[in-house]
Amino acid sequence: MADNYLEKKFEAYAAQKSAGKTKKITQSGPRPGHIEVKFAPRRVFITGGASGIGQAVVKAFRKAGCHVAFCDNDRKKGTLTAQESGARFYPVDVCDVQALEACMQDLFTTWGDLDIIINNVGISCFSPLTETSVEEFDRILATNLRPAFITSRALARHRQVLPQPNTYGRIVNITSTRYLMSEPGSEGYAASKGGIYSLTHALALSLAPQHITVNSIAPGWIENNHYESLRPEDHAQHPSGRVGRPEDIARMCLFLCMEENDFINGENITVDGGMTKKMIYIE
């Protein structure tokens with residue numbers, strides 16, 4: 001390939017643009033999509049499962065034939081999700097360490113063990129750096145980061161005392177593309193998501209003797225509530241031609257938890273329609 005190949009391509013693009021002949025990128029359409037996966041009756045626990053990505057994950061694993069439990073501090077939405085999916089709901093604030101540990105202990109007592117943990121819970125709070133209190137910063141980390149440590153540690157401790165070892169285990173942590181890029185006023189959120197990214201590969205090594213793989217998923221723009229009201233340009237800016245849906249992340253969770261995918265370990269999978277690979281300069 002000639003050294004000036006990219007320069008020539010850009011010159012051709014610039015000429016087309018000035019002539020008004022640039023190719024218009026259009027939305028490929030909302031495609032919820034389905035992946036027909038059937039698991040053995042795995043025991044699954046999901047944090048923050050009442051709405052958004054968490055709700056999609058709850059429903060995906062229930063559809064795949066799993067026993068599913070989830071926690072959330074939104075009692076109303078959690079109850080509705082449980083009714084719709086048949087999952088077990090625990091009204092728990094994950095910032096309460098004892099409540100989260102008690103929830104998991106109840107599941108260990110009821111089910112005997114957990115096969116899959118999806119650490120999804122998270123809040124996004126943005127404020128100017130000079131106006132962000134230490135308490136607010138700590139609250140974001142206590143919600144987004146610390147629960148992933150608590151649930152993983154609880155599973156590790158439980159596995160240590162099992163009379164018969166469980167040779168299957170999966171932990172999937174939901175981080176964000178904000179772990180590697182930011183905007184002003186996002187210090188707490190970025191720190192929490194970066195922490196999840198690093199915690200993931202540390203856990204993968206610590207839990208390897210217990211046959212538990214640990215991976216993370218970094219979603220990009222996932223629209224939870226008003227997909228149909230998005231503008232064409234919202235979709236068009238994505239190389240994939242559309243904004244993401246919660247089901248996109250749920251399908252990746254299913255993929256990582258397939259028994260045959262145990263060679264994927266300690267990794268972070270970006271699911272963002274290609275946005276973090278796109279160079280963006282003001283023209």
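If you go through the range 141-179 one residue at a time, how many are more than 15 Å from the chain's Cα centre (by Cα), touching a residue at least 12 places away in the same chain (Cβ under 8 Å) and not in a helix (DSSP H, G or I)?
Final tally of qualifying residues: 6.
Here is a check on your reading of the model: is residue 65 at pLDDT 95 or above, assigned to a loop (DSSP other than H, G, I, E, B), farther than 20 Å from residue 149 by Cβ and out of contact with any helix residue (DSSP H, G or I) (no Cβ under 8 Å at 6 or more places or on another chain)? Reasoning before the result, please.
Numbers: at pLDDT 95 or above: yes; assigned to a loop (DSSP other than H, G, I, E, B): yes; farther than 20 Å from residue 149 by Cβ: yes; out of contact with any helix residue (DSSP H, G or I) (no Cβ under 8 Å at 6 or more places or on another chain): yes.
Taking the combined requirement at face value, the residue satisfies it.
Here's a check for you: in the range 196-219, which residue that is hydrophobic (A, V, I, L, M, F, W, C) and within 17 Å of residue 178 (Cα to Cα) is surrounded by the fewest Cβ atoms within 10 Å (Cβ to Cβ)? Walk me through it before giving the result.
Pass one, the range 196-219, residues hydrophobic (A, V, I, L, M, F, W, C): 196, 199, 202-205, 207-208, 212, 214, 217-218.
The next check asks that each one be within 17 Å of residue 178 (Cα to Cα); those that pass are 196, 199, 217-218.
On the way: 196: 24, 199: 20, 217: 26, 218: 22.
Within the range 196-219, the match that is surrounded by the fewest Cβ atoms within 10 Å (Cβ to Cβ) is 199.
Of all residues in the range 81-114, which are in a helix (DSSP H, G or I) and hydroxyl-bearing (Ser, Thr, Tyr)? Don't jump to the end; show me each part of the working.
If we filter the range 81-114 for residues that are in a helix (DSSP H, G or I), which is where we start, we get 81-85, 97-111.
Scanning the range 81-114 gives 81, 85, 109, 110.
Can you name the condition, by its number, that residue 197 falls short on among (1) part of a helix (DSSP H, G or I); (2) farther than 23 Å from residue 276 by Cβ; (3) not small (Gly, Ala, Ser)?
(2)
Those residues that are of a type in the set (S, T, N, Q) and closer than 23 Å to residue 177 by Cβ, I need them from the range 122-150; list them, please.
Matches in the range 122-150: 124, 127, 132, 143, 144.
Among the listed residues 38, 76, 63, 59, identify the single one that is closer than 22 Å to residue 124 by Cα and out of contact with any strand residue (DSSP E or B) (no Cβ under 6 Å at 6 or more places or on another chain).
Values: 38 fails: closer than 22 Å to residue 124 by Cα; 63 fails: closer than 22 Å to residue 124 by Cα; 59 fails: closer than 22 Å to residue 124 by Cα.
That would be 76, the only listed residue that is closer than 22 Å to residue 124 by Cα and out of contact with any strand residue (DSSP E or B) (no Cβ under 6 Å at 6 or more places or on another chain).
Considering the range 45-90 alone, what residues qualify as being touching a residue at least 60 places away in the same chain (Cβ under 8 Å), crowded, with 24+ Cβ neighbours inside 10 Å and touching a Phe, Trp or Tyr at 6+ places or on another chain (Cβ under 6 Å)?
Within the range 45-90, 46, 49 meet the criteria.
If you scan the range 226-235, which residues turn out to be in contact (Cβ under 8 Å) with a residue 12 or more places away in the chain and surrounded by fewer than 15 Cβ atoms within 10 Å (Cβ to Cβ)?
Result: 228, 232.
Is it the case that residue 60 is assigned to a loop (DSSP other than H, G, I, E, B) and over 24 Å from residue 192 (Cα atoms)? Spell out how you get there, then give the answer.
Working: assigned to a loop (DSSP other than H, G, I, E, B): no; over 24 Å from residue 192 (Cα atoms): yes.
So residue 60 fails the test.
Please enumerate the residues belonging to the range 254-283 that are part of a loop (DSSP other than H, G, I, E, B) and more than 30 Å from residue 43 (Cα to Cα). Steps first, please.
Here is the first cut: in the range 254-283, the residues part of a loop (DSSP other than H, G, I, E, B) are 258, 262-267, 272-274, 278-283.
Hits for the range 254-283 are 273, 274, 278, 279, 280, 281, 282, 283.
Scan 192, 182 and give me the residue that is without any contact (Cβ under 8 Å) to a residue 12 or more places away in the chain and either of a type in the set (A, V, I, L, M) or outside any strand (DSSP E or B) (or both).
Working: 192 fails: without any contact (Cβ under 8 Å) to a residue 12 or more places away in the chain.
Going through 192, 182 in turn, the sole match is 182.
Condition first: among the basic types (Lys, Arg) and buried (at least 23 other Cβ atoms within 10 Å of the Cβ). Now tell me which residues in the range 167-195 satisfy that.
As a first pass, look at the range 167-195 and keep what is among the basic types (Lys, Arg): 170, 178, 193.
170, 193, listed by residue number.
The values are calculated or read from the model by the stated rules, or taken from the named source; none is laboratory data. Note that the structure is a prediction, hence the values are computed from the model and not measured. No Cβ is skipped: glycine too gets one built from the backbone with ideal geometry, and neighbour counts run over all protein chains shown.
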